[in-house]
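The values are calculated or read from the model by the stated rules, or taken from the named source; none is laboratory data. Note that the structure is a prediction, hence the values are computed from the model and not measured. Here the Cβ positions follow ideal geometry from the backbone for every residue, glycine too, while neighbour counts run over all protein chains shown. With ligands, DNA and RNA removed, areas are computed over all heavy atoms of the protein, side chains included. Shrake-Rupley method; radii C 1.70, N 1.55, O 1.52, S 1.80 Å.
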Amino acid sequence: MTSPRFPRLKTLLRASLCGIALAATGVGAQAQDKVLNLYSARHYQTDEALYANFTKATGIQINRVDTDDAGLLARLQSEGAASPADVILLVDASRLWRAETDGLFLPVKSSLLESRIPAQLRAIDNGQGSAWFGFSTRARVVVYNKLSVNRENVDTYEELGDAKNKGKLCTRSGSHPYNLSLFGAVLEHLGAERTETWLKGMVANMARDPKGGDTDQIKAVASGECGIALTNTYYLARMMRSTKPEDRNAIEKIGVVFPNQSTWGTHINIAGGAVARHAKNRDNAVKFLEYLSSPEAQAYFANGNNEWPAVADTKVANPALQALGNFKSETIPSAVVGRNQSKVQQLLDRVGYK
């Protein structure tokens, strides 16, 4: 959820050497039992402890490549069957769905994962297992300037395209996966014609051209540049927990709405994982995915990284998430949201949403 970065040289070298060794020398099963090659688009320092705990519990050493989602998927495509990747971590439903349709994942049958991860947060099982699983969630909420906007005027997603909010809206690019996923959910609720009208209204309501990330939208609302904006709760909770005076000042100036509480509920997106199609250490890969659904890992997603856990009975001790409170979330399967992204992009192009 940060801006794209180049992979760290050490992790790239380590993963590449691992792949070369396995392919060229035929390393035996005993050595492979202690290795997991992870391609991750999660750029969070707090995840370091998550990986360290897995190694401590299992003895399996993680070799990691960190880069953005697009870079990971392009790398997998180019490596093909020679890829050393065992597990792929991505941070959006539309990206997970795209990788699945491109044949980059290996379906997994795991009674443990099926019992812990709700069906709507994992890929549709075609009889061979699910291609990916969501392990944490984040809600896409509306933030508004408390001095210039009335809460009741922004308590549904539909109102973002209403003329009463003309000149007030700020967003990141409409084609960013976080927005594609939200718009894909709205498309499922409203249908193509009404969704296109809604998106056209959003374009008309823009205070400026779409730009920046979610944190930039929050700060723009606090400064008065915008009246309303969309953000994932991960960014919001991070600012709420910040000790920086400028972040605390910004949070004081904004209000937060979980939209559509009286109708279909607030849209949630997922961060998830999958076993790579050509994984060499498949048993270890499944163990790692199952570990991510464990009470320990699920609590870490919430308390360490400001994400809601996918497993419902996880105990959360995060003051920011607790302050945001409980809310009604939509129940559209993440797989359906991802599937709608191509249709959404066509609508965005038609209405001129940059």
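Taking the Cα centre of the chain as origin, work out the dipole magnitude from +1 charges on Lys and Arg Cβ and -1 charges on Asp and Glu Cβ, in debye rounded to 20. Each step should come with its number before you reach the end.
Values: 42 positive and 35 negative charges, 116 e Å.
With Lys and Arg at +1 and Asp and Glu at -1, about 560 debye.
How many Å² of accessible area per residue for the chain, probe 1.4 Å? If you can, show how the numbers build up before the last one.
Working: 14910 Å² over 354 residues.
Accessible area per residue, the chain: 42 Å².
Candidate cross-link partners of residue 200 among the lysines, defined by an alpha-carbon separation under 26 Å and a same-chain spacing of 8 or more, comprise 146, 164, 166, 168, 211, 219, 343, 354. Among 227, 103, 174, the largest mean-square fluctuation in a Gaussian network model of the chain, built with springs joining Cα atoms closer than 10 Å, belongs to 103. Shape annotation for region 51-173: C-alpha extents along the principal axes are 55, 34, 34 Å, from largest to smallest. Within the listed set 123, 139, 81, the Gaussian network model of the chain (springs between alpha-carbon atoms below 10 Å) gives the highest mean-square fluctuation for 81. For the chain, the longest principal axis of the alpha carbon atoms and the long axis of helix 214-223 meet at an angle near 30°.
Taking all protein chains as present, what is the carbon and sulfur share of the accessible area of region 46-199, in % to the nearest whole number, probe 1.4 Å?
Values: 2790 of 5700 Å².
The C+S portion of the solvent-accessible surface of region 46-199 is 49 percent.
Placing unit charges on the Cβ atoms of the charged side chains and taking the dipole of the chain about its Cα centre, the candidate lying farthest along the positive direction among 304, 160, 181 is 304.
What is the dipole size for region 165-272, taken about its Cα centre, with +1 at each Lys and Arg Cβ and -1 at each Asp and Glu Cβ, in debye to the nearest 20? Mind showing how you got there, number by number?
Details: 13 positive and 10 negative charges, 51 e Å.
Computed charge dipole of region 165-272: roughly 240 debye.
Using a Gaussian network model of the chain in which every pair of alpha carbons under 10 angstrom is joined by a spring, one finds that among 44, 291, 144 the greatest mean-square fluctuation is at 44. Can you give me the distance in nm between label points at residue 150 and residue 209, each placed 7 Å from the Cα along the Cα-to-Cβ direction? The answer from the label model is 3.4 nm. Taking the alpha-carbon distance from residue 244 and a cut-off under 17 Å, which aspartates and glutamates remain once sequence neighbours fewer than 8 residues away in the same chain are dropped? Qualifying aspartates and glutamates at Cα under 17 Å: 216, 252.
What is the percent of Cα-Cα separations in region 190-293 that go past 17 Å?
On the way: 3686 of 5356 pairs.
Counting pairs separated by more than 17 Å, the tail of P(r) holds 69 percent.
Taking a straight Cα-Cα cut-off under 17 Å and skipping sequence neighbours fewer than 8 places away in the same chain, the lysines within cross-link reach of residue 287 are 34, 56, 109.
For the pair region 42-84 and region 132-162, the centres of their Cα atoms are 32 angstrom apart. Can you check what the net charge comes to around residue 350, using other residues whose Cβ is under 15 Å from the Cβ of residue 350 (Lys, Arg +1; Asp, Glu -1)? Here the charged neighbours net out to +1.
Think of it as helices only: each DSSP H run of n ≥ 4 in the chain is worth -39500 (n - 2.57), and spread over all residues that comes to -13000 deg cm²/dmol at 222 nm.
Each of 104, 223, 142 was placed along the dipole of the chain (beta-carbon charges, centred on the mean Cα), and the one lying farthest toward the positive end is 223. For the chain, the alpha-carbon radius of gyration amounts to 1.00 times the rule-of-thumb value 2.2 N^0.38 Å expected for a compact globular protein. Taking the charge dipole of region 167-284 about its Cα centre, with +1 at Lys and Arg Cβ atoms and -1 at Asp and Glu Cβ atoms, the residue from 170, 201, 272 reaching farthest to the positive side is 272.
Considering only the other residues whose Cβ falls under 15 Å of the Cβ of residue 313, what net charge follows from Lys and Arg at +1 and Asp and Glu at -1? Could the numbers behind the result be given before it?
Details: positive: 116, 315; negative: 296.
Net local charge, residue 313 excluded: +1.
For helix 282-292, report the angle its Cα long axis makes with the longest principal axis of the Cα atoms of the chain; keep it between 0 and 90° and round to the nearest 10°. For 282-292 against the chain, the angle is about 40 degrees.
Computed over the alpha-carbon atoms, region 169-219 gives an Rg to Rh ratio of 0.98, Rh here being the Kirkwood radius from the mean inverse distance.
Each principal axis of the Cα cloud of region 274-354 was evaluated for its coordinate range; sorted largest first, these ranges are 46, 43, 22 Å. Each Lys and Arg contributes +1 and each Asp and Glu -1, all at the Cβ; summed about the Cα centre of region 239-312, the dipole is approximately 220 debye.
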